[in-house]
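The values are calculated or read from the model by the stated rules, or taken from the named source; none is laboratory data. Model, not experiment: these values are computed from the prediction. Every residue, glycine among them, receives a Cβ derived from its backbone with ideal geometry; neighbour counts consider all protein chains shown. Heads up: the accessible areas ignore ligands, DNA and RNA and are worked out on the full protein's heavy atoms, side chains in. Shrake-Rupley method; radii C 1.70, N 1.55, O 1.52, S 1.80 Å.
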Amino acid sequence: MTTEVAAETVAVGAIILVRPGDRVPADGEIIEGAGDLDEAPVTGESVPRRKVVGDPVFAGTINGGSVLRVRVTASASDNTIARVVRLVEEAQESKSPTERFIDRFSKIYTPGVLVFAALVAVTPPLLFGGTWSEWIYKGLAVLLIGCPCALVISTPAAIAAGLSAGARRGLLMKGGAVLETLGKITAIAFDKTGTLTAGKPVVTDVVAGTRDASLLLTLAAALETGSSHPLALAILARAEADKITAPPSSATQAIAGEGVEGEVGGERIFLGSPLAAARRAPITPAQDATIAALNAEGKTVSVLVVEEGVAGFLAMRDEARPDAVQGLADLKGRGIRTVMLTGDNRRTAEAVAAALGLEPRAELLPQDKLVIVKALQAEGLVVAKVGDGINDAPALAQADVGIAMGGGTDVALETADAAVLHGRVRDIPDMIALSRGVMGNIRQNITIALGLKAVFLVTTVIGVTGLWPAILADTGATVLVTANAMRLLRWTPRRQPS
């Protein structure tokens, strides 16, 4: 007899039943059953992972298609999801707010101007016999020229324009401190699944055996029609792209941990793993070598057996986004180090990383990603973390800037400091370029404001200019820095050469 209870009440050592389609409620160990679990919420792996008796399971993962009995190994307050939440909170608490340059400078500048204007007004009459009316007039002019209006507005005007320009292009940043820090980034840690890759496998190779490639895909699509498994969806998408109409199948059934079998056109057909296929039909040494080569490229291979012969096989992989190579090349052109952090298996991670030309770290849990980000920061690097899942949240919070990809989980979007709404890798270097453009604009504005003030302070003290030119100079400086900041609204990204 089974009883439904709240997940937080399950004690360590309890035996729980996880039905097909259920989300695993607690960390534990399988004691009965075997099946494919979708671990994407925790590890980010794009293809469900096979679990058997003795294997660990994590809270928050999804049971694919078989009944499992699990012995609980961690309480609700100490399971995978709870640890992720704690890691996010701890990482956010450790981040100190950026102290603005203008705030620091104004603590000295404003009192300094007041003291200087007072000295200009009283020193010459008291010590050198100057005319009071003349030097009070000059003191007032100096006070007006020293008014920090243009200086104070130089930073917020540029930041507001930069944030607006970014938002119009799908680059969202949570305030000026984030925008400023982005331009200082020296290393970026990318998630793989859903960030560098599309997040779903596609058919990359159709290798003919006893049947040609077109018929091979037709038979595979017939078996997989109606399935929601990620590999099945990849096969159906490829068949649709090739304009292949799948014939009806009958007596179709999924075989846990092996594949799917049924009848198509009067023939008995099986589609599944190479190991399961080898129990049904002989696989030649040449076919074994081809399968091994595809596996080495990080691809999942499904073998199609018709009656007692290998009709061929399909290779599938979660492929890189079309713009990933260009986006990473842009970052390298800016001197930024790139690392890939993924919970996916090492073989797949290394294959994807090799194609994209970045450093891979594989088979990571959320806390592992957090540790790697901390290690990069300990090297003196200013680190950005880019991800889209719950498993990325602690590292997003720890990084100097966390960037969520569009379409990611609510947890990632909430934790991150910035978001790329269009989900394009090339938007990351664009965001950095915008930050550097804004900071350059701020430096220009500060130079304009302080430069004009310096010129008119000198000319006022020596008697060349008076109160009205001082008023025009003060107002003019404010107009100039505002107009210069508004130029950022027309900002467009410039691509780095490949």
Exercise. Could you give the radius of gyration (one decimal) and Dmax (whole number) of the Cα atoms in region 219-324, in Å?
Worked result: 13.9, 45
Exercise. Applying the Karplus parametrisation 6.51 cos²θ - 1.76 cosθ + 1.60 with θ = phi - 60° to the phi angles of region 186-194, what ³J(HN,Hα) value in whole Hz is obtained for each residue in order, glycine and proline being reported as x?
Worked result: 10, 8, 10, 9, 9, 6, 9, 5, x
For this session: Starting at the first residue of region 311-327, write each ³J(HN,Hα) from the Karplus equation 6.51 cos²θ - 1.76 cosθ + 1.60 with θ = phi - 60°, in whole Hz, x for Gly and Pro.
Result: 6, x, 8, 10, 10, 9, 7, 6, 7, 5, 4, x, 9, 5, 4, 5, x
Exercise. Over what distance in Å are the Cα centres of region 148-221 and region 343-377 separated?
Worked result: 17
For this session: Using the 2.2 N^0.38 Å rule of thumb for compact globular proteins, work out how region 304-368 stacks up: its C-alpha Rg over that value, please.
Result: 1.55
Problem set entry | Over region 145-244 - Rg/Rh using Cα atoms and the Kirkwood inverse-distance radius | 1.38
For this session: Please determine, in degrees from 0 to 90 and to the nearest 10, the orientation of helix 467-486 with respect to the longest principal axis defined by the Cα atoms of the chain, where the helix direction is its Cα long axis.
Result: 10
For this session: Report, to the nearest 10°, how far helix 132-145 tilts away from the longest principal axis of the Cα atoms in the chain, using its own Cα long axis and a range of 0 to 90°.
Result: 10
Exercise. Hey, what's the per residue convex hull volume over the C-alpha atoms of region 264-394, in cubic angstrom?
Worked result: 144
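Determine the percent antiparallel among the DSSP beta bridges restricted to the chain, to the nearest 5.
For the chain, the DSSP antiparallel bridge percentage is about 70.
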Exercise. What is the percent of Cα-Cα separations in the chain that go past 38 Å?
Worked result: 45
For this session: Counting only GluC sites (Glu not before Pro) that are in a DSSP loop and have at most 12 other C-beta atoms within 10 Å, tell me the longest site-free stretch of the chain.
Result: 100-306
Problem set entry | Of the trypsin sites (Lys or Arg not before Pro) in region 278-344, those whose Cβ has at most 12 other Cβ within 10 Å and which sit in DSSP loop | R279
Exercise. Using a cut-off of 30 Å between alpha-carbon atoms, which lysines can reach K107, once sequence neighbours fewer than 8 places away in the same chain are excluded?
Worked result: K95, K138, K174, K184, K453
Problem set entry | Cα-based helix-to-principal-axis angle, 366-378 vs the chain, degrees rounded to 10 | 40
Exercise. Taking only protein heavy atoms and a 1.4 Å probe, what accessible area per residue, in Å², does the chain have with all protein chains in place?
Worked result: 45
Exercise. To the nearest 10 square angstrom, how much accessible area does R346 have with a 1.4 angstrom probe?
Worked result: 110
